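Only one structure is covered here, and it is reproduced in the block below.
The values are calculated or read from the model by the stated rules, or taken from the named source; none is laboratory data. Note that the structure is predicted; figures quoted are calculated from it, not measured. Glycine gets a Cβ as well: all are built from the backbone with ideal geometry, and neighbour counts include every protein chain shown.
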Amino acid sequence: MTTTPQAARRASPRKRRPATPAAPDPSAGLMPQAEPVRLLNSDGTPLPAHPDYPEPPVEALREMYRRMVVGRRFDAQATALTKQGRLAVYPSSRGQEACQVGGVLALREDDWVFPTYRESMALTARGIDPVEVLTLLRGDWHCGYDPTEVRTAPQCTPLATQCVHAAGLAYGESYQGRDTVALVYIGDGATSEGDFHEGVNFAAVFKAPVVYFVQNNRYAISVPLSRQTAAPTLAYKGVGYGVPSEQVDGNDPVAVLAVLNRAVAHARAGKGPYLVEAHTYRMEPHTNADDQTRYRDAEEVEAWRERDPITRLESYLRAREVLDDAAVAEIAEEAEAYAARLRERMNVQPTVDPLSLFEHVYAEPTPQLVEQREQVRAELAATQEEDA
C-alpha cells in the first residue's frame, strides 16, 4: 500500500510550537488601588493595617491634628474677614484639612510647595505668616511672602499652570544633584487643563521628583466631576504617562499622610513623579461670591459633614490615649489666639504707595516706565501741595 506524502504528514505527530512568553504588563506598578486607601473608619476606629502604607508615627498624627484645628480656625476667620470687607475674596478649604495639612507634613523644609488659590490653610500650616498669605486675596501684592525664603511658589489662580512650574523646578533641582521634592496642589478641575498634562508628561519623561496631589472635592466651581472626566477615577490619569498613581480617602488623615509619605519617598529616591488623588469635599461655597445652592443640595453637604477629618482623627487619637480633654482644650485655645492675632493685624489699614506699581516690573526699568513713574510722582506731589 502506497502512502501519499499528505497522508504521511497527517499521520505524523505535530510538533508543538514553543509557548510565546507573556509580554510584561506595561501598567505594572502604575495602577491605583481599586478603592481609595483608607486606614480609619468614618468614626475614627482603625481598619486593618495596609501592607503598602504603614501608619505614620503617632507624634506626626498628633501634630497633624493640631495644625488641622488651627487651620480650620484660620479658615473661619478669613471667611469672616471677607464678609467684613477686609479681603476681596476668599476660597475656603473647610473639609479638606487632612489634605491641606498632610501635604505639608509629608515634606521637608527644603522641599517646595506649589499651591493654588485655595491653599491658604496649607501655607499657614507650613509656617508662613497668615497676613502674608492673605495679601493676594486682600488685593495688594500678587504674593505677600518671599517664595525663595519659604520654598513656596506664589498661590496660582490660573488653573494648572503651577504643574509646569513644579516640573521645571524639580527637574532643575535633580539636575544639580539635590534630592528636593516639589509637591503640587491641584483640584479636580485642573486635571482638565492642558498644563496639567504637559507638566505630568514632562516630569515623567525626565523623572522630575514631583508629587501631583489632586484634591478631588467633586466640583470645579459648579461643574460636577461627571462632566469633567469619564475616567474611573482621576488617579488613572497618571497611568497614561507612565506615572505611578494612587487614590486615597481624603478625609482620612492617617491614610492621607501615609500615602503622601510613600509618594514623596518615591520622588526623592529619583524614581520620578507620583500622582495622588484624594477624595474629599469642599464644605463651603467655592468662594464668597459663589451660590452653592444652584448646583448641590444640603443633604449632600450634610452627608460629608459626618466624615469630618478633624473629628475622625481626634476620635482615633483619644482611643490611642494621645489626646485627652486637656490637650484638646489647649489646642483649641491656641487656635483662638491665632485667629485673634490675625483679626487684629488684618484690621489695620495697609499703607499703600502708588509708586510701588513700578517696582519689580523689570530688573532695569525701561525709558517708558521711568517716564510713567515720574509722571505719577509729579501728580502725587501736586496733590500733596493742594492738600497742604
>> When the residues of the stretch 174-200 are narrowed to those that are in contact (Cβ under 8 Å) with a residue 60 or more places away in the chain and assigned to a helix (DSSP H, G or I), which ends up surrounded by the fewest Cβ atoms within 10 Å (Cβ to Cβ)?
In response: Ser174
> Are there any pairs with C-beta distances below 6 angstrom linking a residue in the stretch 109-121 that is of a type in the set (D, E, K, R) to a residue that is crowded, with 22+ Cβ neighbours inside 10 Å and part of a loop (DSSP other than H, G, I, E, B), with the two at least 6 apart or on different chains, and if so which?
Replying inline: Asp111/Val181; Arg118/Pro91; Arg118/Ser93
>> Can you list residue pairs whose Cβ atoms sit under 8 Å apart, with the first residue in the stretch 305-322 being within 15 Å of Arg94 (Cβ to Cβ) and the second being of a type outside the set (Asp, Glu) and in a helix (DSSP H, G or I)? Count only pairs 6 or more apart in sequence or on different chains.
In response: Pro309/Met68; Pro309/Ala98; Pro309/Pro253; Ile310/Tyr65; Ile310/Met68; Ile310/Val69; Ile310/Arg72; Arg312/Pro253
> Yes or no: Glu299 surrounded by fewer than 18 Cβ atoms within 10 Å (Cβ to Cβ) and out of contact with any Ser or Thr (no Cβ under 8 Å at 6 or more places or on another chain)?
Replying inline: yes
>> Can you tell me which of (1) under 28 Å from Asp252 (Cα atoms); (2) free of Cβ contacts under 8 Å to residues at least 24 places away in the same chain; (3) aliphatic (A, V, I, L, M) is the one Val205 doesn't meet?
In response: (1)
> Can Val276 be described as surrounded by fewer than 19 Cβ atoms within 10 Å (Cβ to Cβ), under 22 Å from Asn201 (Cβ atoms) and in contact with a Leu (Cβ under 9 Å, 6 or more places away or on another chain)?
Replying inline: no
>> Can you report the number of residues in the stretch 144-156 which are in contact with a helix residue (DSSP H, G or I) (Cβ under 8 Å, 6 or more places away or on another chain) and in contact (Cβ under 8 Å) with a residue 40 or more places away in the chain?
In response: 4
>> Let me confirm something: among Val181, Val205, Val133, which residue is out of contact with any Gly (no Cβ under 7 Å at 6 or more places or on another chain) and under 23 Å from Leu257 (Cβ atoms)?
In response: Val181
> Mind checking which residues of the stretch 201-227 are over 22 Å from Arg108 (Cα atoms) and either at pLDDT below 95 or buried (at least 24 other Cβ atoms within 10 Å of the Cβ) (or both)?
Replying inline: Asn216, Asn217, Arg218, Tyr219, Ala220, Ile221, Ser222, Val223, Pro224, Leu225, Ser226, Arg227
> Does the stretch 332-354 contain at least one residue that is modelled with pLDDT under 95 and farther than 30 Å from Gly71 by Cα?
Replying inline: yes
> Considering the stretch 118-144 alone, what residues qualify as being modelled with pLDDT of 95 or more, part of a loop (DSSP other than H, G, I, E, B) and closer than 23 Å to Tyr212 by Cα?
Replying inline: Arg118, Glu119, Arg126, Gly127, Ile128
